[in-house]
Amino acid sequence: MASPQENDSKPETTITLRSNDGEIFEVPETVAVLSVTIKNMVDDGCAGGIIPLEEVDAETLSQVITYLKKHAALLDPSSETEKDELDAEFFSDKEFNSLLDIVNAANYLNIKELQDASTKQIAKFIRNKSVSTVRKLFGIENDYTPEEEEALRREHQWAHEDGVESDED
Amino acid sequence: MAIPEELMIDIFSRLPVKSVGRCRCLSKLWREILSTPQFIKSHLNRKTNRQQNLLLVAALNTIHTISDVKNGTVSRKIQLIDEWEEAIGSCDGLVLLLNEKSEKILVNPITLQKEKIPDPPLALNKTESHSMHGFGYDGSIDDYKIVVVSYYDTDEYYPDNFDTFVDIYCVKKGVWKRVDNSPYDLSSARRCTGACVRGAVHWLAPSKKQGDYRAVIAAFDLAREVFDEIPVPNDVSMDSGCYQLVVLGGCLCMTDAGRSLHQDNNKTDIWIMHEYGLAESWTKFTIDCGYEWSMLKPLCYIGDEEIVLICEGGEVLLVYNLNENTLKNMVVDGASAYVLDGCVFVESLLSPCFGMS
């Protein structure tokens, strides 16, 4: 691999990423290395070829890249308000299952900002949901008998008060 | 599961306490995970979960909590049945309460778990003595401590015994111990709850120095179990007036209350120590809008401009606006709130029942 030129008009290096369903994405290096996973691969010398991302599909990868580009373009990276506005806009049109895909991708790609923002968003989504709704959303199996569950609810009476959305059936 | 366990735990740690309580009902695995001390601690440490709530001992000796602290808010009466008198203080979501029998009960106002604290084995006879309490956390041993400072009633009994006894209870260990008598004569300070901040419980006391009639703040360090001294404001003369120490917005706060009971234009001076330990950082403001009450005890801020106070004379909750210098009754559940005592607390999953495995 040729070493970068030491002058002012150095052309920006691009990294090539491939999703697990075969789509190719060209991303500026400065944006791509916001993912610590990708940065480590680049440091290990993989930047010349295509970086395969086994755990991320094309749709999710496209959304992650959009997020990273917006974050890299922030006028004031230390401003919490700017970041919050960006996150609010980014998540405004995302369905729950997309949130799960994004948080998995952020975890795999080791992008702390996106992981924190997505876990926060998911928590906001589920905070007033009923127990059975949360089970469905995360695919959690109920291994309590009806009697055990009733006893548990009584024990946690303080938690099952007003403000809880009813089951979506 | 759709996503790895560690991500799920991260998500659950961002939920309010009641949501976590419901999620303990998801499955046996989640009941276990969401009850571990590690989870409870990481949940407590989330900045988003440290929003301030208010606990009030209402005029009918019941307990109410307020999560959205502002004028015109609503409260929730919690199902803790007793004749409650005093809210001593709170730490990490645990609140120490005193009932009419002077029994100390540690509660979590959200999960409603409670634990009665035994009396110190060397406790002075209650009819012949007075006690003051403080409650805080000792980081060096990761335990919560209750401090009881007691002294004999020298008017009626034991006129020659001016000792101030100090007993400490380690909540997790469940053990009382008596430490060396206090070098300060805390009996002459107005009997009130110790103000706990920076890992120390603070009371006003006369200076130990001969011929020095100013007062100092005696700070009982919970980890080292000794008294340090913090300077009072420079412009305070302690022989007139009746002072009280509280914590306001995480800072030591001193109020001069009950000074001008019979004057037309009652006012209260309030000092806040913005930098702990620094005498010059005491800044004063005066509530000077002419009101009939006395003995104002600040509880907490509402935003930057308003302060919630308890008026101990009228047993009423008030809101003071710093910019407008106005004092109004605080409206809770549609009417003026009448309270005996109160304190702030954060929501947490911490249980006061440390003895149970």
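The values are calculated or read from the model by the stated rules, or taken from the named source; none is laboratory data. Remember, it's a predicted structure, so these values are computed and weren't measured experimentally. Reconstructed Cβ throughout: ideal geometry from the backbone, glycine too, with neighbour counts over all protein chains shown. These area figures cover heavy atoms from the full protein model, side chains too; ligands, DNA and RNA do not enter into them. Shrake-Rupley method; radii C 1.70, N 1.55, O 1.52, S 1.80 Å.
Brief remarks on what is shown
- FRET E, pair B:E83, B:D119, Förster distance 22 Å, beta-carbon r, rounded to 0.05: 0.80
- Relative contact order, percent, chain B [alpha-carbon distance under 8 Å, six or more residues apart]: 17
- Computed about its Cα centre, the charge dipole of the protein assembly as shown is approximately 880 debye, with only Lys, Arg, Asp and Glu carrying charge at their Cβ.
- For B:T62, the shell of other residues with beta-carbons less than 10 Å away shows a net charge of -1, using +1 for Lys and Arg and -1 for Asp and Glu.
- Across all Cα pairs in region B:108-256, the calculated P(r) in 10 Å bins from zero up to the longest distance comes to 10, 39, 36, 13, 2, 0 percent per bin.
- Percent accessible area from carbon and sulfur atoms, region A:55-100, protein chains only, probe 1.4 Å: 45
- Scanning residues 5 or more positions from B:L252 or on other chains, those with amide H under 5 Å from its amide H are B:M273, with H placed 1.01 Å from N in the peptide plane.
- Build a GNM of chain B with springs between Cα atoms under 10 Å apart, and of B:S187, B:S90, B:S35 the one that fluctuates most is B:S35.
- In the structure shown, the pairs A:K120/B:K41; A:K83/B:K47; A:K120/B:K172; A:K129/B:K28; B:K126/B:K172; A:K83/A:K112 are assessed against 22 Å; a Cα-Cα span above that value is assigned to A:K120/B:K172; B:K126/B:K172.
- Mean separation of Cα contacts under 8 Å, 6 or more apart, over the residue count of region B:8-52: relative contact order %: 39
- Distance between the pseudo-spin-label points of B:K172 and A:D76 (7 Å out from Cα toward the beta carbon): 4.2 nm.
- In this label model, A:D57 and A:E147 are separated by 4.3 nm, measuring between points 7 Å along each Cα→Cβ vector.
- Within the listed set A:G45, A:G139, A:G22, the residue fluctuating most in the Gaussian network model of chain A (springs between alpha-carbon atoms under 10 angstrom) is A:G139.
- For region A:1-142, with +1 on Lys and Arg beta carbons and -1 on Asp and Glu, the positive-most of A:V36, A:T66, A:I140 along the dipole: A:I140
- Within the listed set A:V42, A:V31, A:V134, the Gaussian network model of chain A (springs between alpha-carbon atoms below 10 Å) gives the highest mean-square fluctuation for A:V134.
- For region B:1-87, the relative contact order is 18 percent, taking Cα pairs closer than 8 Å that sit 6 or more residues apart in sequence and dividing their mean separation by the residue count.
- Cβ-defined net charge surrounding B:I9, 15 Å radius [Lys, Arg +1; Asp, Glu -1]: +1
- Note that region A:1-141 presents 56 Å² accessible area per residue, ligands and nucleic acids not counted, probe 1.4 Å.
- For B:G313, distant residues with modelled amide H under 5 Å away: B:S294
- Listed by chain and number, the aspartates and glutamates whose C-alpha is less than 13 Å from the C-alpha of B:K70, apart from same-chain residues fewer than 8 away, are B:D304, B:E305, B:E306, B:D333.
- Per-pair calculated FRET efficiency, R0 = 41 Å: B:E315 and B:T154 via Cβ, rounded to 0.05: 0.90
- Farthest toward positive dipole pole in chain B [+1 Lys/Arg, -1 Asp/Glu at C-beta], among B:N71, B:S336, B:C23: B:C23
- Since only B:V201, B:N99, B:S42 are under comparison, the one whose Cα sits farthest along the positive direction of the charge dipole of chain B, derived from C-beta charges on Lys, Arg, Asp and Glu, is B:S42.
- Calculated mean residue ellipticity at 222 nm for the protein assembly as shown: -6500 deg cm²/dmol, from DSSP H runs with n ≥ 4 weighted as -39500 (n - 2.57), summed, divided by the residue count and rounded to 500.
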